[in-house]
Amino acid sequence: EEARARAPGRVEVCYQLARAYEADGQAPNALALYAEAARLGGGSAASAAAEADERRLRARWIEVELAQ
């Protein structure tokens, strides 16, 4: 979060923070940051990676919700 505060609008920071949130089990926070990274990336490779990770996490999250 500190890196994000120091470098607002950096796609790489948003993406790495999203990955950290996902690893910590904080899916809602991760999804929001993946979406932000995709938006900030403007079609770059980082943007495409963020979009792919967002789709993957959403699909997994839906599977967990349905299983419960």
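The values are calculated or read from the model by the stated rules, or taken from the named source; none is laboratory data. Because the structure is predicted, anything quoted here is derived from the model rather than measured. Cβ coordinates were reconstructed from backbone atoms using ideal geometry, including for glycine residues, and neighbour counts include every protein chain displayed. Ligands, DNA and RNA are stripped out before the accessible areas are found, and what is left, the full protein with its side chains, is counted by its heavy atoms. Shrake-Rupley method; radii C 1.70, N 1.55, O 1.52, S 1.80 Å.
Some observations on this one:
- Subset of the range 16-35 that is over 21 Å from E65 (Cβ atoms) and open to solvent by 40 Å² or more (accessible area, probe 1.4 Å) - its residue that is modelled with the lowest pLDDT: Q16
- Annotation: of all residues in the range 1-11 being aliphatic (A, V, I, L, M) and in a helix (DSSP H, G or I), the one that is surrounded by the most Cβ atoms within 10 Å (Cβ to Cβ) is V11.
- Apart from one condition, C14 fits all of (1) in contact (Cβ under 8 Å) with a residue 12 or more places away in the chain; (2) at negative phi; (3) not in a helix (DSSP H, G or I); the exception is (3).
- Pairs are defined by a Cβ separation below 7 Å, a sequence spacing of at least 6 or placement on different chains, a first member in the range 17-35 that is closer than 12 Å to R4 by Cβ, and a second member that is open to solvent by 30 Å² or more (accessible area, probe 1.4 Å) and of a type in the set (S, T, N, Q); the pairs so defined are Y21/N29.
- Selection of first residues in the range 41-63 that are over 14 Å from R10 (Cβ atoms) and part of a helix (DSSP H, G or I) and of second residues that are basic (K, R) and open to solvent by 70 Å² or more (accessible area, probe 1.4 Å), restricted to Cβ pairs under 8 Å at least 6 apart or on distinct chains, gives the following pairs, ordered by first then second residue: D53/R19.
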